[in-house]
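Data block below; observations after.
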Amino acid sequence: MDSFLIEGGLPLSGEVTISGSKNAVLPILAATLLTSETCIIRRVPDLSDVGFMLKILQSLGAEVTRDGDTLTIRAANISGRGDYELIRKMRGSICILGPLLARLKEAVVSLPGGCVIGTRPIDLHLKGLRGLGAQVEVEAGYVRVHAPRLEGQMIFLGGRVGPTVLGTANLMMAATLASGITVIESAACEPEVVDLADFLIAMGAKITGAGSPTITIHGVKALHGADHEVIADRIEAGTFAAVAAATGGEVTLRGARPDHLGAVLDKLQEAGAEIRRAAGVLTVRGTGSLKPIDITTMPYSGFPTDMQAQLMALACQAPGTSIITERIFESRFMHASELMRLGADIAIEGPSAIVKGGRPLSGAPVMASDLRASAALVIAGLAAKGSTQVHRVYHLDRGYERMELKLQKLGARIQRTPGE
Ligand code: EPU
């Protein structure tokens, strides 16, 4: 398992090009199963999660070719039975369920496991598909869905903590080929849902309201191939913005979408960073005088849970008390104890982390536990004096494209050490 060796304490400055969004591309890849025609997907990030999803599509019978960051996918003859081991490994694989059901009328996939950030149930995905008339059985680690005919309905999809992103994606994809009109109430409003809707519309789907809590889908008989460019990854952009703020450097984020980053940029500004927007570029400057922040994670357009760990790393640098409350995933504080190895003062009280910031961080060996926790450890390591070894960076490779190379371009002293 690879690790990163970081010599911290330098302000990082320069330009970084933001890759395509992981959380947009995964459901978009699943959506290619809705047609037998060729789909071209551009700006696809080279991530291990994308690699997994492509293996899943290939195991179902799709043909996939890659040319740089462009994928050509043709799912002409596919089966509705996914490879148990492949699907179990990755949460995002659950979004093949809706397209397989819509196209083949039945599907059998393994249940994606819980994971380190929380239990991650799929009850809302299944509620959505049942709402369209599917029979759903969960048995021996598998979900079987079956529906000779899907019928549009009004379906309320809100859950315990609000909307579900991939649940909305699954239902929206299934509804494209249902008969009649489906209305999803309490739909997720994330930009990744809008990007998926844009791809589906390019395939011939009739969808309105994506990006709002009410999405309306008029079912069509068939979808055709389409050519689509994936949106920029707002979480990668936010992570590099946090790098600039935490190291007191200045980073220009090329291709980032400031309109998807409202809550994150607002908090960075509150923390003392300077933000400049110009056509196609966003620049974040760490002013060197950081202030404490209060953050509560929420569904879009609130502060994203996927940026919580990175801003906790930043808060460790800000003199004073920051309060970070996690409302989306119950166990998403695994990074706190690792940040404490670097000298941070953090107390977890229920869903909140109380961060007493401003103590100088110093390098230490730390262990990455999930994707965004890993990013937080890298940020803290870059800000800390001395050397930090971040173990298990395979978590990071799931969602950040060549992160160490992008950081090196900004002047970071960071090396990947293969194996262990
Ligand atoms: N939930 C349910 N039942 C369900 C589905 C979700 O109770 O059937 C709950 C979850 O347990 C959670 C909340 O609803 O408390 C929201 O979960 P959501 O379904 O929105 O999460 P997701 O769609 O599985 C995506 C991203 C996550 C991101 C969340 C929230 C992908 C592949 N994953 O997950 O990304 O944190 O939305 O924004 O799109 C990451 O990139 O690091 C990551 C974890």
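The values are calculated or read from the model by the stated rules, or taken from the named source; none is laboratory data. All values derive from a computational prediction rather than experimental measurement. So basically every Cβ, Gly included, is an ideal-geometry build from the backbone, and we count neighbours across all protein chains shown. Heads up: the accessible areas ignore ligands, DNA and RNA and are worked out on the full protein's heavy atoms, side chains in. Shrake-Rupley method; radii C 1.70, N 1.55, O 1.52, S 1.80 Å.
Values for this structure:
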item	result
Entirely in the range 42-140, the strands (runs of 3 or more DSSP E) that have 1 or more residues that are more than 30 Å from M334 (Cα to Cα), touching a strand residue (DSSP E or B) at 6+ places or on another chain (Cβ under 7 Å) and free of Cβ contacts under 8 Å to residues at least 12 places away in the same chain	63-67, 135-139
Helices (runs of 4 or more DSSP H) wholly inside the range 309-420 that include at least 1 residues being farther than 27 Å from E15 by Cα and at pLDDT 95 or above	334-341
Contacts under 8 angstrom Cβ, first residue in the range 246-269 being without any contact (Cβ under 8 Å) to a residue 40 or more places away in the chain, partner part of a helix (DSSP H, G or I) and open to solvent by 20 Å² or more (accessible area, probe 1.4 Å), 6 or more apart	L261/R234; L265/P258
Any hit, the range 236-247, residues being outside any strand (DSSP E or B) and open to solvent by 30 Å² or more (accessible area, probe 1.4 Å)	no
Test: residue in the range 294-310 that is more than 20 Å from R234 (Cα to Cα) and surrounded by fewer than 23 Cβ atoms within 10 Å (Cβ to Cβ)	yes
Hey, G320 out of contact with any strand residue (DSSP E or B) (no Cβ under 9 Å at 6 or more places or on another chain), surrounded by fewer than 23 Cβ atoms within 10 Å (Cβ to Cβ) and assigned by TED's automatic domain parsing to the domain that holds L12 or not	no
Residue check for S179: small (G, A, S), open to solvent by 20 Å² or more (accessible area, probe 1.4 Å) and closer than 19 Å to S301 by Cβ	no
Filter pass, Q408 being within 18 Å of E7 (Cα to Cα), of a type in the set (S, T, N, Q) and either in the same structural domain as L54 (by TED's automatic domain parsing) or surrounded by 24 or more Cβ atoms within 10 Å (Cβ to Cβ) (or both)	no
Residue within the range 106-122 that is within 16 Å of the ligand (Cβ to nearest atom), under 24 Å from T214 (Cα atoms), among the aliphatic types (A, V, I, L, M) and under 26 Å from the mean Cα position of the chain (by Cα) present	yes
Qualifying position, being within 16 Å of the ligand (Cβ to nearest atom), out of contact with any Ser or Thr (no Cβ under 7 Å at 6 or more places or on another chain) and farther than 21 Å from L407 by Cα, among L47, L26	L26
